[in-house]
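Below: one structure, written as structure tokens.
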Amino acid sequence: MRAAAQSQNYRAGGGSQAIRSRDDALAYAFTRLPATYAAAIAVFNALREICDLEPRSLLDVGAGPSTAAFAASEAFAGLADIRLLEPNAHMQELGSALLAQAARPALRAASYHGSFAPRPAVAPADLVVASYVAGELVPNELASFAQALWAATAQVLVVIEPGTPAGYGRIMQIRGLLIGGGAHVAAPCPHERDCPLVAPDWCHFAQRLPRLRDHQRVKGANVPFEDEKFSYVVLSRAPPRRVDARVLAPPKLTKSAVTAELCTAQGVVTDSAARRDGDDYRRRKSWRWGDGVSRSDTNKCDAAG
């Protein structure tokens, strides 16, 4: 019952305000923690592709049970100072229990702080993460929240939201506000122009993760995996090394060709290669939704929007 309610809450855009007891927090750990961890790992992997970042400090805003902190520690071994902002006491309790068992000393030493108002006054960190938290704000708080995140960012800010039109909309608002404040877009966009996608399309990605037996039982699922859909933006203080194009959807493979939709600095393009094209075809067959690709691999593009 609790697990089903948690899943419904997050599909509807809810957040940790629905966590009112220790059992609610445990239900969250079974239903949502694996998926949000998988999304964070995917985003940090994309970040490592385009930024020579070796952060020493992390600020996790709306940290929940420290999910993004665990993912960041996996991606960036040099993290030594980890601070977590989370107002929900039950999430803090669960996160503290998980951190106490962590293999990495920096995680075991991580500190929880109770409040994250739309204007958190905190010391800057090299890497700031706000994962699945912007949706918990009322709309008129989003601008001040974004500005506070950026003020706390010494090097790179990562914002992750559910891969829904509403989550994408919040990402676009934060992106636009902070570009105006001098931020550089590092990922997923290969540019700082307005998003070229037009409704009903929206920019989002998917990360597949396995479901263990208990995970399947709690979620009432029959398949041994799930796909977590998410939207994100990475913003940096320094000009980044961007990819030339980003794969916007699973490429379409037929017996004779492979075709992919790409976001580029020139807009959305359709890229294709026929089987007879040899290496070009084989490279495209290896592309996955969300991959960054280089200009040398996109020489058969036609404008799509």
Exercise. Can you find even one residue in the range 246-268 that is in a strand (DSSP E or B), at positive phi, not assigned by TED's automatic domain parsing to the domain that holds R175 and not aromatic (F, W, Y)?
Worked result: yes
Exercise. Within the range 127-152, how many residues are touching a residue at least 40 places away in the same chain (Cβ under 8 Å), more than 17 Å from the chain's Cα centre (by Cα) and surrounded by 21 or more Cβ atoms within 10 Å (Cβ to Cβ)?
Worked result: 0
Exercise. Regarding R170, is this residue surrounded by 15 or more Cβ atoms within 10 Å (Cβ to Cβ), basic (K, R) and in the same structural domain as S73 (by TED's automatic domain parsing)?
Worked result: yes
Exercise. From the set of residues in the range 160-209 that are part of a strand (DSSP E or B) and of a type in the set (G, A, S), which is farthest from the chain's Cα centre (by Cα)?
Worked result: A186
Exercise. Which one of the conditions (1) farther than 14 Å from A68 by Cα; (2) modelled with pLDDT of 95 or more does A123 fail to meet, given that it meets all the rest?
Worked result: (2)
For this session: Quickly run through the range 14-35 and pick out the residues that are in a helix (DSSP H, G or I) and either surrounded by fewer than 17 Cβ atoms within 10 Å (Cβ to Cβ) or at pLDDT 95 or above (or both).
Result: Q17, R22, D23
Exercise. What single numbered condition from (1) buried (at least 20 other Cβ atoms within 10 Å of the Cβ); (2) of a type in the set (S, T, Y); (3) not assigned by TED's automatic domain parsing to the domain that holds G169 fails to hold for Y232?
Worked result: (3)
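The values are calculated or read from the model by the stated rules, or taken from the named source; none is laboratory data. Treat the numbers as computed from the prediction; the structure is a model and nothing was measured. As a convention, Cβ positions derive from the backbone with ideal geometry for all residues, glycine included, and neighbour counts pool all protein chains shown.
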